[in-house]
Amino acid sequence: MRKTVRVMAGILVLAGGLTGSAVMADASKVIRSTAQYTVPQVTLVRDDGKEVSLPDELNDGRPVVMNFIFTTCNSICPLLSQTLARLQDALGAERDRVHIVSISIDPEQDTPPRLTDYARRYNAGPEWQHYTGTMQAIIATARAFNAYRGDKMSHTPLTLLRKAPGEKWIRFDGFVTADELLREIKGVAIASK
């Protein structure tokens, strides 16, 4: 059963289209729901170049905050990444006890060095990792989380949060704020490394 709650984020986004023309999109509504997802048995490549099992990465005992981005995106991805940067800052000394995950939906362009450069733009600490992989692995991952939209230009703002392995995922369709994510994480017995 999916429980849906409407949350007002109060954000207007100015998004550039494929031709560079500006399109105004109202992203003031964030839809919060819960769902049980099965993490696919895929291998991804972390921004440090290491091949890793996605289930192992997501099940390290820490709460997980996850999104899908690509490095050449000039519309929603910078906003999603800024939100995670703010969350990372707001976590302060507890930041290494939350695993922040950004998965590229453009693996043909987003190599580990490119993801490292992207992460540096947002001052990503060691708890915030960026992943790429084969197109097949990325599509399988996006489909598993109901985030696959056919191509990278059709993706929508989405952030997922799971408080502990085995629990349901909290899904935010729209531009959730760092404060909203932090409120969800508060009260969780954040596991020590």
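Multiplying the residue separation of THR116 and ASP179 by 0.36 nm and subtracting their alpha-carbon distance yields 20.1 nm. Each part gets one Cα centre, and for the stretch 57-85 versus the stretch 110-174 those centres are 5 Å apart.
Compute the Cα gyration tensor for the stretch 34-185, then decide on rounded, prolate or oblate, letting a ≥ b ≥ c be the square roots of its eigenvalues: rounded whenever a/c is under 1.5, prolate when a/b is larger than b/c in the other cases, and oblate in all that remain. Walk me through the numbers on the way to the answer.
Numbers: a/c = 1.25, a/b = 1.14, b/c = 1.09.
It is rounded, given that a/c, with a ≥ b ≥ c, falls under 1.5.
By how many nm would the segment from ASP56 to ARG143 lengthen if fully extended, with 0.36 nm per residue of separation less the alpha-carbon distance? Kindly include the intermediate steps, with their values, before the conclusion.
Numbers: separation 87, 0.36 × 87 = 31.32 nm, distance 1.84 nm.
Value of the extension gain: 29.5 nm.
As a proxy for reagent exposure, ranking ASP173, ASP47, ASP151 by other Cβ atoms within 10 Å from fewest up yields ASP151, ASP173, ASP47. Summarising the strand pairing of the stretch 34-185, around 60 percent of its internal DSSP beta bridges are antiparallel.
Quick note: the coordinates plus some simple rules give every number you see, no bench work behind them. Source: prediction; values computed, not measured. Heads up, the Cβs are rebuilt from the backbone with ideal geometry, glycines too, and the neighbour counts pull from every protein chain shown.
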